[in-house]
1. Is there a residue in segment 16-37 that is modelled with pLDDT under 80, surrounded by fewer than 10 Cβ atoms within 10 Å (Cβ to Cβ) and in a helix (DSSP H, G or I)?
2. Checking the conditions here, which among 52, 6, 66, 82 is at pLDDT 85 or above and in a loop (DSSP other than H, G, I, E, B)?
């Protein structure tokens with residue numbers, strides 16, 4: 001279980017306020033009782049998801065993270081297999097006496 005976030009997430013209406021109002025985000029965040037950087041980050045994320053800003057969408061970021069984790073696991077599994085192969089009695093790098101070299 002992950003630990004709770006230090007900064008509360010703004011819900012949809014709060015983000016819409018940050019997008020629609022002409023006031024600075026710092027004033028809106030103060031009115032809402034949240035940190036300005038937290039609201040600014042969430043507004044940017046909403047703009048990226050809506051296609052108004054350049055960047056990876058939330059779905060794409062989640063998929064990328066999933067692929068990174070999967071890649072890490074596969075590399076780790078391959079390292080385990082390589083180390084197990086070294087201890088195998090059928091290791092192809094060992095030359096047994098009486099066997100011809102090809």
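1. Among the residues of segment 16-37, at least one is modelled with pLDDT under 80, surrounded by fewer than 10 Cβ atoms within 10 Å (Cβ to Cβ) and in a helix (DSSP H, G or I), which makes the answer yes.
2. Unique residue meeting the criteria: 52.
Listed here are the residues, each with its yes/no results for (1) without any contact (Cβ under 8 Å) to a residue 12 or more places away in the chain; (2) on the phi < 0 side of the Ramachandran plot; (3) not assigned by TED's automatic domain parsing to the domain that holds residue 15.
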residue: 29; (1), (2), (3): yes, yes, no
residue: 35; (1), (2), (3): no, yes, no
residue: 40; (1), (2), (3): no, yes, no
residue: 43; (1), (2), (3): no, yes, no
residue: 46; (1), (2), (3): no, yes, no
residue: 50; (1), (2), (3): yes, yes, no
residue: 61; (1), (2), (3): yes, yes, yes
residue: 64; (1), (2), (3): yes, yes, yes
residue: 71; (1), (2), (3): yes, yes, yes
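The values are calculated or read from the model by the stated rules, or taken from the named source; none is laboratory data. What you are looking at is a predicted structure, and each value in this text was computed from that prediction instead of being measured. Virtual Cβ from ideal backbone geometry, glycine too; neighbours counted across all protein chains shown.
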